[in-house]
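Q: Here it is: the structure, laid out below.
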Amino acid sequence: MCKVMKKHNFYAGPSIMSQYTIDHTIEAIRDFAGTGLSVMEVSHRSKEFQAVMDEAQALMKELLDVPEGYEVLFLGGGASLQFCMVPYNLLKTKAGYVDSGTWAHKAIKEAKLFGDVEIVASSEADHYVYYPEIKNVPTDLDYLHITTNNTIFGTELREDPDVPVRMVADMSSDIFTRPVDVSKYDLIYGGAQKNLAPAGVTFVIVKADALGKAPREIPTMLNYETHVKKGSMFNTPPVLPIYSALQTLKWYKQLGGVKKLQQLGEEKARVLYDAIDGSKMFVGTVKPESRSITNVCFVMKPDYAELEKEFLDFAGTRGIVGIKGHRSVGGFRASLYNALPLESVQVLVQAMHDFEAKH
Ligand SMILES: *Cc1c(COP(=O)(O)O)cnc(C)c1O
């Protein structure tokens, strides 16, 4: 199989995928499960694809230690559609939201269409440079919505908080980076394009008995119950991204599961944060206790601010791509998703050292 020269890919999403996933997907695009057909041209109702769907759901449950009573769905529409589907299905009178950044903000906007929204904690006034403390959560909420990793601002909540109500979480960018206590949540969702698959599929883990209680008619496609009943096969699911997701899940299992991924991820983050903290030129933008292990945001110190563009070009000559910061934060953002090898982080750190030595 022809292999393209790999870059050091730090894009925030869509983002780096494992070679395992890419190679196995290419194989199935040529010949899917010995059918003589491409996975792109086979019926989603075929027994071969049904087996892919079944195995992907089972591996999600196994790797994330999902308890009885929960269903795994693979839907279209991105995490952004979940911002609306969650309150459509689960908000009865009042929901709580933690406002920890841009994505949380977007989720809040949609929830307000369906009922009362209480902002339980927010770091907006401080430009989201830390994860807001979650305390005094009212007991009369239908659910508390959290965004565990803030992909844009680089803050993360690396635990499942103890609160007196059920939780819903957007885990788009930190799923499979730590064990999660799924039993605290009614629903967990995320776009696949960060740690799972190419864009086009969204995973949802939902507690079945949380559904069917909202006091409104829900359009068929936006009703989780439709997809639970039909096993994510009510209509044509995103077949190819689901196939790729299964490959990533198999690769995660081979690597040793979520605890192993956590260890590898924390090691990569430590190497990069140590380099930032030891630098005279670069500085992190996030309070240390809130630092994301996946999206590492940093800027040039004021004395060096005019060198930003030059560093991006310099890094480019080392094969480093995708480190330009989000337009709302500026500077740099290095995303260290599971498929990114430690070696790429070392190349970035070396580039930072060498650039500093030049100036
Ligand atoms: C990327 C991202 C989203 C948006 O996902 P889409 O699939 O593009 O809708 C939402 N939330 C978080 C935390 C993200 O990182």
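The values are calculated or read from the model by the stated rules, or taken from the named source; none is laboratory data. Because the structure is predicted, anything quoted here is derived from the model rather than measured. No Cβ is skipped: glycine too gets one built from the backbone with ideal geometry, and neighbour counts run over all protein chains shown.
Q: If I filter the range 155-165 down to residues being charged (D, E, K, R) and surrounded by fewer than 24 Cβ atoms within 10 Å (Cβ to Cβ), which single residue comes out as farthest from the ligand (Cβ to nearest atom)?
A: Going residue by residue through the range 155-165, those that are charged (D, E, K, R) are 156, 158-160, 162.
Among the residues that remain, those that are also surrounded by fewer than 24 Cβ atoms within 10 Å (Cβ to Cβ) are: 158-160, 162.
Details: Arg158: 14, Glu159: 17, Asp160: 16, Asp162: 22 Å.
Per the stated criteria, the residue is Asp162.
Q: One residue is enough: does the range 214-223 have a residue meeting the conditions touching a helix residue (DSSP H, G or I) at 6+ places or on another chain (Cβ under 6 Å), of a type in the set (Gly, Ala, Ser), assigned to a loop (DSSP other than H, G, I, E, B) and at pLDDT 95 or above?
A: Scanning the range 214-223, I find at least one residue that is touching a helix residue (DSSP H, G or I) at 6+ places or on another chain (Cβ under 6 Å), of a type in the set (Gly, Ala, Ser), assigned to a loop (DSSP other than H, G, I, E, B) and at pLDDT 95 or above, so the answer is yes.
So that you can scan it fast, the table gives a plain yes or no per residue for (1) polar (S, T, N, Q); (2) under 22 Å from the mean Cα position of the chain (by Cα); (3) closer than 28 Å to Pro219 by Cβ:
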{"site": "Lys6", "(1), (2), (3)": "no, no, no"}
{"site": "Ser15", "(1), (2), (3)": "yes, yes, no"}
{"site": "Ile22", "(1), (2), (3)": "no, yes, no"}
{"site": "Ala33", "(1), (2), (3)": "no, no, no"}
{"site": "Ala79", "(1), (2), (3)": "no, yes, yes"}
{"site": "Val98", "(1), (2), (3)": "no, yes, yes"}
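Q: Across the range 191-242, what is the total count of residues that are of a type in the set (Ser, Thr, Tyr), surrounded by 19 or more Cβ atoms within 10 Å (Cβ to Cβ) and farther than 18 Å from Asn338 by Cα? Explain how you work it out, then say what you get.
A: First, pick out the residues of the range 191-242 that are of a type in the set (Ser, Thr, Tyr): 202, 220, 224, 226, 232, 236.
Going one step further and asking which of them are surrounded by 19 or more Cβ atoms within 10 Å (Cβ to Cβ), we end up with 202, 224, 232.
Now narrow it down to the ones that are farther than 18 Å from Asn338 by Cα: 224, 232.
Summing the residues that are of a type in the set (Ser, Thr, Tyr), surrounded by 19 or more Cβ atoms within 10 Å (Cβ to Cβ) and farther than 18 Å from Asn338 by Cα in the range 191-242 gives 2.
Q: On to the next question. Pick out the one residue from Met60, Met85, Met40 that is assigned to a helix (DSSP H, G or I) and either polar (S, T, N, Q) or within 16 Å of the ligand (Cβ to nearest atom) (or both).
A: Values: Met60 fails: either polar (S, T, N, Q) or within 16 Å of the ligand (Cβ to nearest atom) (or both); Met40 fails: either polar (S, T, N, Q) or within 16 Å of the ligand (Cβ to nearest atom) (or both).
Result of the check over Met60, Met85, Met40: Met85.
Q: Suppose we keep only residues that are away from the ligand (no atom under 11 Å from the Cβ) and touching a helix residue (DSSP H, G or I) at 6+ places or on another chain (Cβ under 7 Å) within the range 143-154. Which one would you say is nearest to Ser335 (Cα to Cα)?
A: His145
Q: What residue, of Lys229, Lys207, is without any contact (Cβ under 8 Å) to a residue 12 or more places away in the chain and away from the ligand (no atom under 15 Å from the Cβ)?
A: Selected residue: Lys229, the only one of Lys229, Lys207 that is without any contact (Cβ under 8 Å) to a residue 12 or more places away in the chain and away from the ligand (no atom under 15 Å from the Cβ).
Q: Please tell me if Ala95 is in contact with a His (Cβ under 8 Å, 6 or more places away or on another chain), surrounded by 21 or more Cβ atoms within 10 Å (Cβ to Cβ) and farther than 17 Å from Gly231 by Cα.
A: yes
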